[in-house]
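The values are calculated or read from the model by the stated rules, or taken from the named source; none is laboratory data. Quantities reported herein were computed from a predicted structural model and do not represent experimental measurements. Cβ placement follows ideal geometry from the backbone for every residue including glycine, while neighbour counts extend to all protein chains displayed. Note: areas computed on protein heavy atoms with side chains; ligands, DNA, RNA excluded. Shrake-Rupley method; radii C 1.70, N 1.55, O 1.52, S 1.80 Å.
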Amino acid sequence: MVLKMAIVDDDTLFLQDIEKISYEFLKKEKVIASIDTFTSHRMLLYELDEDSYYDLFLLDIEMKDDNDINGIQIAKRIREYNRDSIIIFVTSHMKYTLDAFKVIAFRYIPKNELKKGLEEALQETIKELHEREKSFYLIETITKYTKLYYTNIYYIYKVGKYSIFVSTTGEYKVRKSLATVFKELNSLEFVFVERGFIANITHIDRMEDEKVFMDNGIVLKVSRPQIHMVKEKIAEYWGENT
């Protein structure tokens with residue numbers, strides 16, 4: 001496992017402290033780390049515009065040289081690039097706690113508790129990434145491989161000889177039947193709602209009559225022969241995960 005990190009803080013000495021604590025802790029945990037540091041939010045944005053990817057962002061919220069943009073706004077931009085990255089705020093400005101939750105922040109570390117808070121956050125980050133590694137579908141194309149984490153898949157549908165994955169990060173196509181894909185997924189999270197569609201139960205908000213309502217606003221039809229089975233699968237999954 002190689003953990004790719006981006007750290008942003010305009011205090012150079014504090015930035016070095018974060019980097020040092022991170023390297024030392026990850027080395028102790030036998031995790032290889034690739035860390036890039038930035039002294040302004042804009043420098044990070046330039047890097048993201050070049051399609052750079054990071055598993056983890058450690059962000060300050062307010063910095064002197066970035067008066068018109070703060071860490072919360074940067075986090076929103078990060079979410080536009082990638083919904084999977086983990087965002088942790090390392091800051092003295094506790095007034096932004098509620099805003100941090102809106103951008104799905106993983107943690108909020110006060111600067112006066114840096115070492116303890118950062119080590120705990122890194123430990124949870126490692127645990128989270130290891131869990132994700134266990135549950136992904138590998139999308140293979142001529143030019144690249146893409147890990148599509150189960151948690152990010154909304155549903156999968158059939159078009160001719162292809163199965164199309166609709167996910168939080170876009171759509172992906174594989175030249176396989178839905179039956180083959182379903183077998184390869186091998187997870188209780190997925191259910192055939194009708195012959196041409198597989199839904200991810202974790203993204204189902206509710207089921208009414210012959211329809212399931214997904215949390216991305218899409219409504220999928222459930223075929224009559226599948227209604228009872230789909231209801232059972234949803235109830236079973238929700239029962240085990242509540």
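Please compute, for the alpha-carbon atoms of the stretch 175-242, the extent along each of the three principal axes and give them in descending order in Å.
31, 24, 24
Farthest toward the dipole's positive end in the chain, which of ILE227, GLY239, TYR157, given Cβ charges of +1 (Lys, Arg) and -1 (Asp, Glu) about the Cα centre?
Going by the Cα projections, it comes out as ILE227.
Out of every Cα pair in the stretch 116-242, what percent are spaced more than 26 Å from each other?
Here the long-distance tail beyond 26 Å is 26 percent of all Cα pairs in the stretch 116-242.
Pairing the Cα long axis of helix 12-28 with the longest principal axis of the chain, what angle in degrees results, from 0 to 90 and rounded to the nearest 10?
On a 0 to 90 degree scale, this one is about 50.
Please give me, ordered by residue number, the trypsin sites (Lys or Arg not before Pro) of the stretch 1-56 that lie in loop per DSSP and have at most 12 other Cβ atoms within 10 Å.
Qualifying residues, ordered by number: LYS30.
Decide, for the stretch 1-61, between rounded, prolate and oblate: order the square roots of the alpha carbon gyration tensor eigenvalues as a ≥ b ≥ c, take rounded if a/c falls under 1.5, and otherwise choose prolate if a/b is larger than b/c, else oblate.
Oblate, because a/c is 1.5 or more while a/b does not exceed b/c.
At 1.4 Å probe radius, can you tell me the per residue accessible area of the stretch 161-242 in Å²?
Using a 1.4 Å probe on heavy atoms only, each residue of the stretch 161-242 averages 60 Å².
Taking the Cβ of GLU29 as the center, what net charge do the other residues with Cβ under 11 Å away carry, scoring Lys and Arg +1 and Asp and Glu -1?
Taking every Cβ under 11 Å from that of GLU29, the sum is +2.
With everything on Cα atoms, drop me the angle between helix 114-134 and the longest principal axis of the chain, reported from 0 to 90° to the nearest 10.
Result, in degrees: 20.
Under 10 °C and 1.306 mPa s, how fast does the stretch 99-184 diffuse according to Stokes-Einstein, given a Kirkwood radius computed over C-alpha pairs? Answer in µm²/s, whole number.
The calculation lands on 102 µm²/s.
At 222 nm, what helix-only mean residue ellipticity would the chain give, in deg cm²/dmol to the nearest 500, using -39500 (n - 2.57) for each DSSP H run of four or more?
Taken over the chain, the calculation gives -11000 deg cm²/dmol.
Rounded to a whole number of µm²/s, how large is the Stokes-Einstein D of the chain at 37 °C and 0.692 mPa s, given Rh as the Kirkwood radius over C-alpha pairs?
164 µm²/s
So, by mean Cβ neighbours within 10 angstrom, what's the order for 215-224, 53-62 with the highest one leading?
53-62, 215-224
Kindly provide the trypsin sites (Lys or Arg not before Pro) of the stretch 104-159 that DSSP labels as loop, not H, G, I, E or B, and whose Cβ sees at most 11 other Cβ atoms within 10 Å.
Hits after loop and neighbour filter: LYS144.
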